[in-house]
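Scroll down for the structure; my scribbles are underneath it.
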Amino acid sequence: MALIQFTNVSFSYLRNVPVLHHISFSIEKTERVMLVGTIGAGKSTMLKLAVGLLSPDNGTVIVDGINPSRNPLHEIARRIGVALQNPSDQIFSITVREEIIYGLHNLGVQETSHTLHRIADLFHLTDVLDKHPYDLHPAQRRLLALASTIAMNTPFCIFDEPTSGVSKPERKLISAALDQQTTAGKGYLLITHDLAFGMEQCDRILVLNKGIIAVDEAVPDFLRRPDAQGILKANGMQMPIVPRMSATLAQENIAVLLPDFLSQLPGKHNENTL
Ligand SMILES: Nc1ncnc2c1ncn2[C@@H]1O[C@H](COP(=O)(O)OP(=O)(O)OP(=O)(O)O)[C@@H](O)[C@H]1O
Ligand SMILES: [Mg+2]
């Protein structure tokens, strides 16, 4: 059974201004899926429908067999962790320490010390545990929001723009955290404008365009499409540099990671020889 099932879902905030039209797709518990689309395409709206923060005008959303609109939010919260696009929308505690375990406490978990230290270590937040979240710099606040989401230990997570506003070191931490999720058998939906990051971390791509799912494909299959760059361009995005270069080599498999691209070149190359 799929974890998230959208069937014929339509939604609008304002009368006569539809955002999503008859959308159908499903996501399994262990899948790693990226969702992309232009600014305002409706990606965050899909997130809110998936976790019951909004209800569809038509069609049905089912999560792990239950309807989010007809169940208390905590029933979905124990199935899907959510990191919102704006970290300030989900940070309420007065210390980083309390914020990381806030969701766990809400789920009724008493013993949180081990999780707290593991997650703080993962996101390099150990030295700031007693700080007020608003005394962190914005990239650390992003990490804190992701940390408190992952701390809930849900089988699946949705991350809305997890790399927005962060630089390379934080990006690496986020990547390592997602890899740990995968190792633990957990899936995720990554909503992102950061295509390079999404393609590195996900196996499947959904492109939302004018309220419909225009692409739903395995990432390697999408990259092999002759019109892949055109589709991204039409949605305000550009193919990341590594797959763009790799595509010019006309390989069967288009590389997403730099070491994979270098191994496709004739002769021996590594990142230092560039
Ligand atoms: N509360 C709201 N009331 C009215 N319109 C809204 C509301 N929230 C979002 N919208 C509109 O709905 C559309 C979809 O918004 P949404 O935030 O889902 O897009 P998005 O794909 O997440 O965009 P972004 O890439 O900027 O994060 C946009 O046109 C947006 O302006
Ligand atoms: Mg959004």
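Read-outs throughout are calculated quantities, based only on the coordinates presented, and are distinct from any laboratory measurement. If you're wondering where the values come from, they're calculated on a predicted model, not measured in any experiment. All Cβ positions, glycine included, derive from the backbone under ideal geometry; neighbour counts span all protein chains shown.
Have a look at Val63, Val17 and point out the one that is crowded, with 21+ Cβ neighbours inside 10 Å and not acidic (Asp, Glu).
Checking each option against the conditions leaves just Val63.
Scanning segment 185-200 for residues that are of a type outside the set (S, T, N, Q), buried (at least 20 other Cβ atoms within 10 Å of the Cβ) and in contact (Cβ under 8 Å) with a residue 60 or more places away in the chain yields Gly187, Tyr188, Leu189, Leu190, Ile191, Gly198, Met199.
From the list Gly81, Gly103, Gly40, the one residue that fits, being in a strand (DSSP E or B) and of a type outside the set (Asp, Glu), is Gly81.
Taking the criterion of being surrounded by fewer than 23 Cβ atoms within 10 Å (Cβ to Cβ) and within 13 Å of ligand 2 (Cβ to nearest atom), the residues of segment 30-40 that qualify are Thr38, Ile39, Gly40. Within segment 206-227, being buried (at least 18 other Cβ atoms within 10 Å of the Cβ) and over 21 Å from Ala177 (Cβ atoms) holds for Leu206, Val207, Leu208, Gly211, Ile213, Val215, Phe222, Leu223. Criterion applied to Ile80, Ile91, Ile23 was being more than 16 Å from ligand 1 (Cβ to nearest atom), surrounded by 14 or more Cβ atoms within 10 Å (Cβ to Cβ) and either within 25 Å of Met199 (Cα to Cα) or under 16 Å from the mean Cα position of the chain (by Cα) (or both), and the one residue passing it is Ile80.
Quick check on segment 47-66: of everything there that is free of Cβ contacts under 8 Å to residues at least 24 places away in the same chain and more than 12 Å from ligand 1 (Cβ to nearest atom), which residue is nearest to Pro18 (Cα to Cα)?
Here is the first cut: in segment 47-66, the ones free of Cβ contacts under 8 Å to residues at least 24 places away in the same chain are 48, 53, 55, 66.
Narrowing the set further to residues that are more than 12 Å from ligand 1 (Cβ to nearest atom) leaves 55, 66.
On the way: Ser55: 14, Ile66: 25 Å.
Residue satisfying both the conditions and the ranking: Ser55.
Quick one: how many residues across segment 130-165 are in a loop (DSSP other than H, G, I, E, B) and either without any contact (Cβ under 8 Å) to a residue 12 or more places away in the chain or in contact with an Asp or Glu (Cβ under 9 Å, 6 or more places away or on another chain) (or both)? Number satisfying all stated conditions: 6.
What do you reckon, is Ser12 within 11 Å of ligand 1 (Cβ to nearest atom), under 27 Å from Leu144 (Cα atoms) and in contact with a strand residue (DSSP E or B) (Cβ under 6 Å, 6 or more places away or on another chain)? Against the criterion (within 11 Å of ligand 1 (Cβ to nearest atom), under 27 Å from Leu144 (Cα atoms) and in contact with a strand residue (DSSP E or B) (Cβ under 6 Å, 6 or more places away or on another chain)), Ser12 does not qualify.
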